[in-house]
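Student: Handing you this structure, nothing more for now.
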Amino acid sequence: MFCYNNDELIIHVWKIMSQTTAEMQKAAGSSLYRKSRFDMPEQLIYLDGNSLGPLPSNVPAKLANVVQREWGGSLVRGWSNDGWFDLPHDVARKLEPLIGAEPQSVAVGDSTSIALFKVLGAALKLIGTRRCILSDSDNFPTDLYVAEGIAKLIEDGFHVKSLPTDEVETAIGDDIAVVMLTEVDYRTGLRRNMKQVTEMAHAAGALVIWDLAHSTGAVPVNLADCNADFAVGCGYKFLNGGPGAPAYLYISPRHNDAVTPVISGWMGHSDPFAFDSAFTPARGVQKMQTGTPSVLALTALSTALELFDDVDMTALYERAQQLGDMFIAEVEKRCPDLVLASPRDATVRGSMVSFRHPEGYAIMQALIDQNVIGDFRAPDILRFGITPLYLTEADSVKAAEALEKVLNEKLWDDERFRVRGAVT
């Protein structure tokens, strides 16, 4: 039996609660950790899942089966006998819960750029006389390119206004047709408040398109709850669907009847195998499908998505915030020459952490040489994806130690690390 005075009792209870909280956090992290379900070198610390997710270990066998047994054995019969024709639909149904989308509101296929062209073109037909597409000047360049291109294609006064990140929201007025934004900034990881911005846009009479390339599979997304109009995203980053994995698009069901596709493909026809010469759109989001499904790519993505069957996205994001905070603390303690580019506040940060340095490219190449893989984004960003599915506290510390070594020993100051490849 233990006897405590009041102060001692308070301290004792506090210690127990602290230990319990730490143990709960550790248990939560371990329940999300599944590096064994990826084909990755054991000693590699991979901090680039925000650019290309690693290979899920269940994908090679599945692809081999599709190639050898289905394609090799069934040949063209695979479209019916092996379910190839339904793959876009099946993958879309797997994606909908990950982005909080209503049933039958997602179409899968093509690239993110084409998906954006489709939804932006559709949105511009819904907005009456307004002609301004508002975006962030730091948005991912392809989004701005697509918007500029479609404005020039349609003409009729359409134009793009791209403003600094912190000026976008205050510029949402009654002249804006479409607000086109990325939820999580690809350089810094800044996470916009999707619900708040969408409400502001709707109050001003504008539509909103969200790019979820750095959100899906990393942070909780709820398009339906946010009353979003349109969204696009890719399958090869946090979703681990493989290089160039198919993209997806989302259309709110309330827009289904009014939307007309700007690319009328045969897979968006109400009866594609009637081979009518005139296009009759399918019902709902299916009308946005275009060409023949990419069976191998869709198979890889579909199989990779099985990793998320038992993942609580809120818990995953909270764990990423913890790991991100730890990584920031470790790097700032060891590498004072690096400047944090990401928000320090984890609640407005996606699942990545970025630092600035004038020699960012060479530093990153030297770090990769130390078996720690992140990536570089011009002009000076060292970018690190924080993915709890295969990262731990120990990985955060080891990565910071390797970065410290690269800087302190000036390992980056080597000509071979300055030579830029086609992909940076």
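Student: Could you give the size of the charge dipole of the chain about its Cα centre, using +1 on the Cβ of each K and R and -1 on the Cβ of each D and E, expressed in debye and rounded to the nearest 20?
Tutor: For the chain, the charge dipole is close to 640 debye.
Student: Just check the stretch 256-410 against the gyration tensor rule for me: Cα atoms, a ≥ b ≥ c as the square roots of the eigenvalues, rounded for a/c under 1.5, and otherwise prolate or oblate depending on whether a/b exceeds b/c.
Tutor: prolate
Student: Ignoring ligands, DNA and RNA, what accessible area per residue does the chain give at 1.4 Å, in Å²?
Tutor: Spelled out: the 1.4 Å probe surface of the chain, per residue, equals 46 Å².
Student: So what is the orientation-averaged projected area of the stretch 32-108, using the convex hull of its C-alpha atoms, in nm²?
Tutor: So the mean shadow area of the Cα hull is 7.1 nm².
Student: Given the chain, what percent of its DSSP beta bridges are antiparallel, to the nearest 5? Working shown, then result.
Tutor: Details: 21 of 40 bridges.
Among the beta bridges of the chain, antiparallel pairing accounts for roughly 50 percent.
Student: Just to confirm the number: angle between the C-alpha axis of helix 313-334 and the first principal axis of the chain, 0 to 90 degrees, nearest 10?
Tutor: Once rounded, the angle reads 50 degrees.
Student: May I pose another question? Search the structure for amide H atoms under 5 Å from the amide H of residue 57, placed 1.01 Å from N in the peptide plane, and list their residues when 5 or more places away or on another chain.
Tutor: Here 38, 39 satisfy the definition.
Student: Could you name the lysines in cross-link range of residue 287, using Cα to Cα under 23 Å and dropping any fewer than eight places away on the same chain?
Tutor: 94, 118, 125
Student: Residue by residue, what Karplus-based ³J(HN,Hα) values in Hz, rounded to whole numbers, does the stretch 198-206 have, using 6.51, -1.76 and 1.60 with θ = phi - 60° and x for Gly and Pro?
Tutor: Going residue by residue, I get 4, 4, 4, 5, 5, 4, 8, x, 9 Hz, with x marking Gly and Pro.
Student: Keeping the other protein chains in place, figure out the carbon and sulfur percent of the accessible area of the stretch 106-210, with a 1.4 Å probe.
Tutor: Result for the stretch 106-210: 52 percent of the exposed heavy-atom area is carbon or sulfur.
Student: Listed highest first by mean packing, meaning other Cβ atoms within 10 Å per residue, what order do 305-313, 150-158 come in? Write out the running numbers ahead of the final one.
Tutor: Working: 305-313: 15.7, 150-158: 13.4.
Packing proxy ranking, top to bottom: 305-313, 150-158.
Student: Any idea what the alpha-carbon Rg over 2.2 N^0.38 Å comes to for the stretch 199-259?
Tutor: Working: Rg = 13.0 Å, N = 61, 2.2 N^0.38 = 10.5 Å.
So the Cα radius of gyration is 1.24 times the expected 2.2 N^0.38 Å.
Student: If a/c stays under 1.5 just call it rounded; otherwise compare a/b with b/c (prolate if a/b is bigger, oblate if not). Do that for the stretch 75-123, with a ≥ b ≥ c from the square roots of the Cα gyration tensor eigenvalues.
Tutor: Working: a/c = 3.07, a/b = 1.55, b/c = 1.98.
Since a/c reaches 1.5 but b/c is at least a/b, the shape of the stretch 75-123 is classed as oblate.
Student: For residue 71 and residue 155, what is the calculated FRET efficiency with R₀ set at 35 Å and r taken between the beta-carbons, to the nearest 0.05?
Tutor: Values: r = 44 Å, r/R0 = 1.27.
With a Förster radius of 35 Å, E is 0.20.
Student: Hey, another quick one. Let me see the pair-distance distribution of the stretch 275-330: every alpha carbon pair, 5 Å bin width, integer percents in order.
Tutor: Going out from 0 Å in 5 Å bins, the stretch 275-330 shows 4, 13, 10, 13, 12, 13, 11, 9, 7, 5, 3, 1, 1 percent.
Student: With each label point set 7 Å from Cα along the Cα-Cβ vector, what nm distance links residue 85 and residue 39?
Tutor: Using points 7 Å along Cα→Cβ, the separation is 3.2 nm.
Student: Using θ = phi - 60° and the Karplus relation 6.51 cos²θ - 1.76 cosθ + 1.60, list the HN-Hα couplings for the stretch 219-226 in order, rounded to whole Hz, with x at every Gly or Pro.
Tutor: 10, x, 10, 9, 4, 5, 5, 7
Student: Determine the calculated [θ] at 222 nm for the chain from helices alone, applying -39500 (n - 2.57) to every DSSP H run no shorter than 4 residues and normalising by the residue count; nearest 500 deg cm²/dmol.
Tutor: -11000 deg cm²/dmol
Student: What residues qualify as long-range amide H neighbours of residue 160, i.e. H under 5 Å apart, gap of 5 or more or another chain, H built at 1.01 Å from N?
Tutor: Excluding prolines and chain starts, which carry no amide H, the hits are 133.
Student: What part of the accessible area of the stretch 272-328, given as a whole %, is carbon or sulfur when the probe is 1.4 angstrom? Each step should come with its number before you reach the end.
Tutor: Values: 1290 of 2540 Å².
Answer for the stretch 272-328 is 51 percent, counting heavy atoms of protein chains only.
Student: Within 10 Å, count the other beta carbons around each residue, average over each peptide in 323-331, 390-398, and list them highest first. Could the numbers behind the result be given before it?
Tutor: On the way: 323-331: 20.2, 390-398: 18.3.
Ranked from most to least packed, the peptides come out as 323-331, 390-398.
Student: What translational D, rounded to a whole number of µm²/s, comes out for the stretch 350-424 from Stokes-Einstein when the hydrodynamic radius is the Kirkwood one over Cα pairs, at 10 °C and 1.306 mPa s?
Tutor: 126 µm²/s
Student: Just how far, in whole angstrom, is the stretch 279-309 from the stretch 377-392 if you go by their alpha carbon centroids?
Tutor: Rounded to whole Å, the Cα centres lie 28 Å apart.
Student: Convert each backbone phi in the stretch 244-257 into a coupling constant with the Karplus relation 6.51 cos²θ - 1.76 cosθ + 1.60 (shift: θ = phi - 60°), then list the ³J(HN,Hα) values in order as whole Hz, x for Gly and Pro.
Tutor: Result, rounded to whole Hz: x, 4, x, 8, 9, 9, 10, 10, 4, x, 5, 9, 3, 5.
Student: A further question on this structure: Expressed as an acute angle from 0 to 90° and rounded to the nearest 10, what is the orientation of the C-alpha long axis of helix 141-154 relative to the principal long axis of the chain?
Tutor: 20 degrees
Student: Shape of the stretch 174-322 from its Cα gyration tensor (a ≥ b ≥ c, root eigenvalues): rounded if a/c is under 1.5, otherwise prolate when a/b > b/c, or oblate?
Tutor: oblate
Student: Looking only at 235, 291, 49, which one moves most when the chain is put into a Gaussian network model with springs between Cα atoms under 10 Å?
Tutor: 291
Student: Let me ask something additional. Tilt of helix 87-98 relative to the longest C-alpha principal axis of the chain, in degrees (0 to 90, nearest 10)?
Tutor: 50 degrees
Student: If the cut-off is 17 Å between C-alpha atoms, which lysines fall inside it for residue 333, apart from same-chain ones fewer than 8 positions away?
Tutor: Counting by Cα, and skipping residues close in sequence, residue 333 has these lysines nearby: 398, 405.
Student: If all Cα-Cα distances of the chain are sorted into 20 Å bins from 0 onward, what percent lands in each bin, rounded to whole numbers?
Tutor: Percent of pairs per bin, in order: 24, 52, 21, 2, 0.
The values are calculated or read from the model by the stated rules, or taken from the named source; none is laboratory data. As the structure is a prediction and not an experimental result, all values here were calculated from the model. No Cβ is skipped: glycine too gets one built from the backbone with ideal geometry, and neighbour counts run over all protein chains shown. Surface areas here come from the heavy atoms of the whole protein model, side chains and all, with no ligands, DNA or RNA. Shrake-Rupley method; radii C 1.70, N 1.55, O 1.52, S 1.80 Å.
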